[in-house]
Amino acid sequence: MAAKDSPLKQFEIDPISNIELGGYNISFTNSSFAMLITVLVITLFLTLTVNTRSIIPTRMQLISELMYNFIAQLLSDTVGDNGKKYFPFVFSLFMFVLIGNMVGMIPYQFTFTSHIIVTFALASVVFIGVTILGFINHGIKFFTFFYIPGVPFYMHPLLIPIEVISYLSRPISLSVRLFANMLAGHTLLKVFAGFVVSMPFFTGVFPLAFIVALTGLEILIAFLQAYVFAILTCLYINDAYHLH
Amino acid sequence: MPQLNPEFFVSQLFWLAVFFSFLFIFLWRVSLPRISTVLEKRQNKIDENLATAKELQEQAQKIELSINEKINKAKQETDNLIKISSEKLQENILNELNLLDKELDEKIIISEKEINNNKENQMKNINSEIANITKMTLEKIANIKISTEDLNNAIETTKGNLN
């Protein structure tokens, strides 16, 4: 298959304007553009729909309130009262991933969440933040997080390394989950789109129908992954408060 | 795989940091406070209305209670009034009847007396009347003049025979 037809071609980064700062290439790329669109959509939507601040909401205001309540509920269910402080962060994370995924569903738009470096950065922020939070809350006692009570003592040499590894792999699992889902979904769409073009006569209708169905599934996954990202962040914050 | 090409890693990280920080600060400082203000305002309004409704309901219950009390009181009062007035009426009727009986008895006694008096008077006068009639009759028919004394004597005698 020629390089220009590769299903992975859609993930290539094209610089829009070349910028260099201190020897580093910080070009404004299609990925940056997608982030810009995402941020604009979120900020404008959440600002304009709640502009009137009416007690009886308009339909658009209701959407903003629903999102607000959705994350607020999620946070209070998993973390409790301690979680209120982290609401802006979790909400921003959820909206950023959700709208980033949704922007990626627009044909010819770039999906920045399909790049491991982006998702890994987001997951690292969560991981580092939660670890710092754990040390602030528990000090050196935070290390007891890796000690599982109620287990026979001879199991500890085995279990503690496992716990440490599973803790350290959190940012990897968090980022790879989102990245892989986006990558797989978009690649699959592109592969079937290739079938539509290459199949003879009108038989291309079948892969096209599949693409339509798959697009619906992808939209569901876009939401689901944002939700998973947010809920895991909440659970990690909860772990930083309650060790076991 | 373009994802593993480190050429644009720094660029992506840089713009991610810029845009995500902007988004986070904007939402934290501008958008979310707005939404939470609206939600709070609505919750306050709902709470207020609920409190007012509860208060009004309590008031209504109090009013209903007092109305019921008043109605019961009024019923009792009317019952009492009816009882008292009927007793009074009965008493009055009895008194009136007694008075009437007494009056009637008195009137009967007086009437009887009058009748007796009249009778006696009539009986007293009857002799002289008889004498007058007799005298007039004798004078008119027989042309006999007779003295009143003789006549009276004659009548007495006859009376004695009649009795």
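Just checking, does segment A:32-46 include any residue being surrounded by fewer than 13 Cβ atoms within 10 Å (Cβ to Cβ) and under 24 Å from the mean Cα position of the chain (by Cα)? Full working, then the answer.
In the first step, residues of segment A:32-46 are kept if they are surrounded by fewer than 13 Cβ atoms within 10 Å (Cβ to Cβ); the result is A:44.
Filter once more, keeping what is under 24 Å from the mean Cα position of the chain (by Cα): A:44.
So far as segment A:32-46 goes, yes, one or more of its residues are surrounded by fewer than 13 Cβ atoms within 10 Å (Cβ to Cβ) and under 24 Å from the mean Cα position of the chain (by Cα).
Here B:Val10 passes the criteria (1) more than 30 Å from A:Leu8 (Cα to Cα); (2) open to solvent by less than 70 Å² (accessible area, probe 1.4 Å); (3) not small (Gly, Ala, Ser) except the one numbered (1).
Please verify whether segment B:41-57 includes one or more residues that are open to solvent by less than 70 Å² (accessible area, probe 1.4 Å), in a helix (DSSP H, G or I) and within 7 Å of chain A (Cβ to nearest Cβ). Within segment B:41-57, one or more residues are open to solvent by less than 70 Å² (accessible area, probe 1.4 Å), in a helix (DSSP H, G or I) and within 7 Å of chain A (Cβ to nearest Cβ). Filtering segment A:53-92 down to residues that are more than 9 Å from chain B (Cβ to nearest Cβ) and part of a loop (DSSP other than H, G, I, E, B), which residue is least open to solvent (accessible area, probe 1.4 Å)? Filtering first and then ranking leaves A:Val79. Taken over segment A:30-56, residues that are touching a residue at least 40 places away in the same chain (Cβ under 8 Å), farther than 17 Å from A:Pro107 by Cβ and β-branched (Val, Ile, Thr) amount to 2.
Figure legend. Inter-residue proximity from segment A:163-180: first residues surrounded by fewer than 17 Cβ atoms within 10 Å (Cβ to Cβ), second residues of a type outside the set (Lys, Arg), beta-carbon distance below 6 Å, spacing 6+ or different chains. Indicated pairs: A:Glu163/A:Phe146; A:Val164/A:Phe146. Taken over segment A:10-52, residues that are within 8 Å of chain B (Cβ to nearest Cβ) and among the charged types (D, E, K, R) amount to 1. Scanning segment A:93-110 for residues that are in a loop (DSSP other than H, G, I, E, B) and within 11 Å of chain B (Cβ to nearest Cβ) yields a total of 1. Might you check whether a residue that is surrounded by fewer than 18 Cβ atoms within 10 Å (Cβ to Cβ), at pLDDT below 95 and among the small types (Gly, Ala, Ser) occurs anywhere in segment A:111-118? No; the residues of segment A:111-118 include none that is surrounded by fewer than 18 Cβ atoms within 10 Å (Cβ to Cβ), at pLDDT below 95 and among the small types (Gly, Ala, Ser).
Has segment B:66-84 got any residue that is surrounded by 10 or more Cβ atoms within 10 Å (Cβ to Cβ), part of a helix (DSSP H, G or I), β-branched (Val, Ile, Thr) and modelled with pLDDT under 95? Spell out the reasoning first.
So in segment B:66-84, the residues surrounded by 10 or more Cβ atoms within 10 Å (Cβ to Cβ) come out as B:66-84.
Within this subset, residues satisfying the condition of being part of a helix (DSSP H, G or I) are B:66-84.
Keeping just the survivors that are β-branched (Val, Ile, Thr) gives B:67, B:71, B:78, B:82, B:84.
Among the residues that remain, those that are also modelled with pLDDT under 95 are: none.
For segment B:66-84, residues surrounded by 10 or more Cβ atoms within 10 Å (Cβ to Cβ), part of a helix (DSSP H, G or I), β-branched (Val, Ile, Thr) and modelled with pLDDT under 95: absent.
The values are calculated or read from the model by the stated rules, or taken from the named source; none is laboratory data. Everything numeric in this text was worked out from a predicted model, so none of it was measured. Neighbour counts run over all protein chains shown; Cβ positions are idealised from the backbone, glycine included. What goes into the accessible areas is simple: the full protein's heavy atoms, side chains included, and nothing from ligands, DNA or RNA. Shrake-Rupley method; radii C 1.70, N 1.55, O 1.52, S 1.80 Å.
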